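One structure is given below, encoded as structure tokens.
Values in this text are rule-based calculations from the coordinates and carry no lab data. None of these values were measured; they are calculated from a predicted model. Note that each Cβ is placed from the backbone with ideal geometry, even for glycine, and that neighbours are counted across all protein chains shown.
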Amino acid sequence: MSKIKMNNSANDVSLRKAFKDFTISKSAEGIKDKTISTYCFHFNALSKHLDIDMTFSELSKSDFEKMIVSLRTSGVSHNSIGS
């Protein structure tokens, strides 16, 4: 999977909006609905541990560390966290 390239204006986009744009882009590329559904499942799971209305410029390393601790405390496996 190719990495998302971000420009400076992308820093003001929320994670929610960026994910929506990502899924639209993947649909346009012809990615199967089942795959997009899996992406949505994982994103919704993450939304319980990270504020997806934050913009990229608001995110910090600490936010990700807190998310990982929250995932581990919830019993999510190491492999699932990596995914």
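Taking R0 as 25 Å, what FRET efficiency do you get between residue 36 and residue 83 from their Cβ-Cβ distance, rounded to the nearest 0.05?
The formula returns an efficiency of 0.95 here.
Could you derive backbone 3J(HN,Hα) for region 56-62 from the dihedral phi with the Karplus parameters 6.51, -1.76 and 1.60 (θ = phi - 60°), listing whole Hz in sequence and x where the residue is Gly or Pro?
Once rounded to whole Hz, the list reads 4, 5, 7, 6, 10, 4, 4.
With a cut-off of 8 Å between alpha carbons and a minimum separation of six or more residues, what is the relative contact order of the chain in percent?
36 percent
Please get the size of the charge dipole for the chain, origin at its Cα centre, with Cβ charges of +1 on Lys and Arg and -1 on Asp and Glu, quoted in debye to the nearest 20.
260 debye
How much length, in nm to one decimal, is gained on full extension between residue 59 and residue 20, taken as 0.36 nm per residue of separation minus their Cα-Cα distance?
This chain segment gains 12.2 nm when fully extended.
Run the quick spin-label model on residue 29 and residue 51: label points 7 Å from Cα toward the beta carbon, then report their separation in nm to one decimal.
With each label point 7 Å from Cα toward Cβ, the separation is 3.0 nm.
Which entry is the computed Cα extents along the principal axes in Å for this structure: (i) 40, 28, 22; (ii) 37, 31, 20; (iii) 61, 25, 19?
Working out Cα extents along the principal axes in Å from the coordinates points to (ii).
Restricting to DSSP H runs of at least four residues, report the calculated mean residue ellipticity at 222 nm for the chain, -39500 (n - 2.57) per run over all residues, nearest 500 deg cm²/dmol. Write down the numbers at each step before the final one.
Working: 4 runs with 47 residues, N = 83.
Counting only the DSSP helices, I get -17500 deg cm²/dmol.
³J(HN,Hα) across region 16-23 via Karplus (A = 6.51, B = -1.76, C = 1.60, θ = phi - 60°), whole Hz, x for Gly/Pro?
Calculated HN-Hα couplings, in order: 4, 5, 4, 5, 4, 4, 4, 5 Hz.
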